[in-house]
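Below you'll find the structure, written out as structure tokens, and then a few comments.
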Amino acid sequence: MIQQRLTKAIGLSLMLNAFLAVGQTDLEVDINNKIAEIQPTMYGVFFEDINFAADGGLYAEMIKNRSFEFTVDPFLGWIQPNSDRHSFNNNSGIGSIVKYADNPGNTNFIRVKVNNDQGYQLINEGFRGMGIKEGESYNLYLSAAKHSGNISKINVQFIGENNVVLGETSVDVTSSDWTDYTAQITANKTLAKAKLKFTFEGTGEIDLDMISLFPVDTWKGREKGLRKDLVQLLYDLDPGFLRFPGGCIVEGRTLARRYQWKKTVGPIENREVLVNRWNTEFSHRLTPDYYQSFGLGFFEYFQLSEDLGAEPLPILSCGMACQFNSGELVPMDELDPYIQDAIDLIEFANGSIDTPWGKLRNEMGHSEPFNLKYIGVGNEQWGPDYIDRYKVFGQAIKAKYPDMIIVSGSGPFPDGDYFEYGMEELKKLNAEIIDEHYYRSPEWFRENATRYDSYDRKGPKIFAGEYAAQSVAIASPENKNNWECAFSEAAFITGLERNAEVVNLTSYAPLMAHEEGWQWTPDMIWFNNLQSYGTANYQVQKLFSTNRGTDLISVTSAGKDLTGQNELYASAVTDSGTNEVIVKVVNTSNQSQEVAINLKGKKVYKKGELIVLKSEHLEDENSFENPDKIVPVTAEIQNRGGKLSVELQPYSVSVFKFKIR
């Protein structure tokens with residue numbers, strides 16, 4: 001019904017005439033004037049484990065601190081009834097942490113001592129609770145070993161407020177040796193903040209480790225897989241690439257806490273847990289319980305890229321910790337292990353199963369190569385130290401893999417001394433792709449739609465790797481994903497698309513945020529334990545990505561690109577796969593505007609499609625309560641001899657599509 005009403009409203013607003021009315025902005029689209037290819041990677045996604053995007057988000061694990069490895073407090077996430085501390089100590093039993101004699105990846109397990117028939121209770125709080133849905137099933141996994149006594153069964157229950165039971169199962173423990181057990185719980189109610197309670201039958205001591213819970217209904221039904229609704233939102237973007245694992249998370253606040261891909265592959269129980277660098281980065285959003293289990297590791301990132309039909313784009317540490325934190329440097333003569341990590345990663349992704357790292361990929365279930373083409377050296381480092389390290393990495397990678405495309409970085413800002421120095425030096429080195437980042441005001445995005453018009457067509461290609469309009473200020477907790485930010489980004493994107501000769505990749509950042517676990521705003525996708533939605537910014541990205549086309553063509557007004565005249569912005573492409581011409585026009589003014597479009601060079605069919613994304617107020621947002629407040633609406637449109645006039649609504653993004661005869 002909403003779709004019908006909006007479609008009707010758009011239909012009434014269309015002014016389809018063969019003549020050009022006074023005051024119109026005239027657009028001439030030359031279908032034959034192909035300027036450049038639109039790269040398949042033009043629109044992609046950038047994933048970083050910030051805002052609980054991995055554990056507690058995309059990675060569907062529901063147990064927090066499943067193997068008792070959180071370094072500051074190995075009991076964090078686990079609670080005992082009738083206690084305001086994680087003490088695990090009352091009349092009925094004791095839970096204590098024990099260390100393995102030799103297990104570098106998984107160092108701890110819990111030893112539960114049950115003293116009497118009251119039973120010992122252990123509760124996991126999940127990630128700001130556990131989202132369970134009525135009628136859906138959840139797989140429980142745990143490792144257990146009977147240490148002493150006669151404990152024979154572990155009872156497991158979903159509980160809500162006042163310990164109301166919302167589903168239950170049990171595990172019969174049969175062995176004194178470490179044994180893996182599985183069970184399944186079906187929820188009898190929907191609740192966003194359930195908990196999981198364990199009680200024990202019998203007395204004595206029992207050891208537990210890797211206590212894990214996943215929904216059965218994961219993406220592609222994979223056991224211990226990814227959260228289905230969040231991957232679907234990514235899939236719907238039709239991304240050309242997936243950049244991972246970050247961001248600043250690659251660098252770490254110190255080198256010891258950098259992201260090390262080799263620790264994220266192999267059996268998940270052996271992956272070393274690491275405190276997340278964002279846990280106490282911002283005093284306004286402290287999250288000391290934010291850790292990385294690396295259940296979502298490099299193998300899973302490559303697999304997700306494949307699922308999305310996206311090129312994998314891993315970014316690796318170049319031996320520099322975050323320069324906003326410690327700025328710790330690896331001496332140049334000690335850089336070899338970091339370079340070897342890059343070489344080995346390429347072998348892991350592309351090597352035959354007869355190679356050491358290709359063999360591991362095969363053992364993890366993927367015999368065929370992932371066909372890695374891109375690799376990033378550093379995130380947003382700056383200065384001579386970065387350039388020195390980039391040179392060494394580039395030489396080593398190209399010596400062994402000459403076809404590998406290396407992505408470099410121009411620093412954290414789109415202008416200033418750091419940026420100017422980095423761009424100058426990288427151009428001297430004939431860098432292939434330079435990653436630029438833009439966290440600026442909505443006005444900046446509108447004013448910089450011409451940013452790449454003067455870039456050297458023979459110089460490095462550009463990766464607009466992190467962009468997001470900031471409604472207040474960079475890193476402000478008050479930033480909103482409002483409509484002004486979104487349509488301002490759309491205006492800027494028309495400039496990226498018009499310069500497809502130079503700009504080959506683009507991605508919004510950050511990608512995801514938990515409603516209660518976030519550190520940074522704005523973010524493209526918001527979720528809680530039960531729901532998720534795409535913001536207005538997501539809808540803009542999706543509109544461009546799903547209409548990217550294959551070839552950039554000319555669209556001009558009075559012989560010039562439309563880059564803000566009358567507060568209008570435009571770009572145009574053709575799509576050889578669908579045989580369409582696609583024109584995108586953004587109206588950033590608060591007034592309706594008449595635009596006349598002349599499609600010349602080739603004949604087009606009379607009937608076409610108009611997709612409009614709009615909202616009436618600058619501060620409008622999508623939300624959990626109203627996730628579809630700002631969504632695209634489609635209507636039929638007609639031209640006469642390749643000409644049409646249309647009234648663009650205020651604050652709108654419009655896409656015109658016609659089949660070419």
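None of the figures in this text is laboratory data; all of them are computed from the coordinates on show. All values derive from a computational prediction rather than experimental measurement. Cβ coordinates were reconstructed from backbone atoms using ideal geometry, including for glycine residues, and neighbour counts include every protein chain displayed.
Only counting other Cβ atoms within 10 Å, I'd like 617, 366 sorted with the fewest neighbours first.
In order of increasing Cβ crowding within 10 Å: 617, 366.
Which order do the peptides 180-187, 607-614, 38-45 take when ranked by the mean count of other beta-carbon atoms within 10 Å per residue, highest first?
Ranked from most to least packed, the peptides come out as 38-45, 607-614, 180-187.
Once every DSSP H run of n ≥ 4 in the chain is given -39500 (n - 2.57) and the sum is divided by its residues, what mean residue ellipticity at 222 nm do you get, rounded to the nearest 500 deg cm²/dmol?
Helices in the chain give a 222 nm mean residue ellipticity of -5500 deg cm²/dmol.
Counting Lys and Arg as +1 and Asp and Glu as -1, what is the net charge of the other residues whose Cβ lies under 10 Å from the Cβ of residue 406? Intermediate results must be reported in sequence, preceding the final value.
Values: positive: 398; negative: 432.
Neighbour charge sum, excluding residue 406 itself: 0.
Quick check on the exposure proxy: order 575, 177 from fewest to most C-beta atoms within 10 angstrom.
177, 575
Straight-line reach from residue 34: which aspartates and glutamates have Cα under 18 Å away, leaving out those fewer than 8 places along the same chain?
Qualifying aspartates and glutamates at Cα under 18 Å: 453, 497, 501, 551, 561, 575, 580.
Based on Cα positions only, what radius of gyration and what Dmax would you give for the chain, in angstroms?
In order Rg, Dmax, the Cα atoms of the chain give 27.1, 91 Å.
So, counting K/R as plus one and D/E as minus one, what does the shell of residues with Cβ under 11 Å around residue 660 add up to?
With Lys, Arg at +1 and Asp, Glu at -1, the neighbours total +3.
In the chain, which whole DSSP H runs stretch at least 20 Å along their own axis (Cα) and average -1.0 or higher on the Kyte-Doolittle scale? Kindly include the intermediate steps, with their values, before the conclusion.
Details: long enough: 336-350 (21 Å, -0.01); 384-400 (25 Å, -0.69); 483-498 (23 Å, 0.25).
Answer set is 336-350, 384-400, 483-498.
Among 497, 647, what is the fewest-to-most ranking by other Cβ atoms within 10 Å?
So the ranking, lowest neighbour count to highest, is 647, 497.
Compare the peptides 94-103, 223-232 by average per-residue count of other Cβ atoms within 10 angstrom and give them in order, highest first.
223-232, 94-103
Among the listed pairs 373/428; 133/542; 461/643, which are separated by more than 32 Å between their Cα atoms?
461/643
Take the alpha-carbon positions of the range 506-661, form their convex hull, and give its projected area averaged over all directions (one quarter of the hull surface) in nm².
Over every viewing direction, the Cα hull of the range 506-661 projects on average to 10.4 nm².
Nearest-5 percent of antiparallel DSSP beta bridges in the chain?
75 percent
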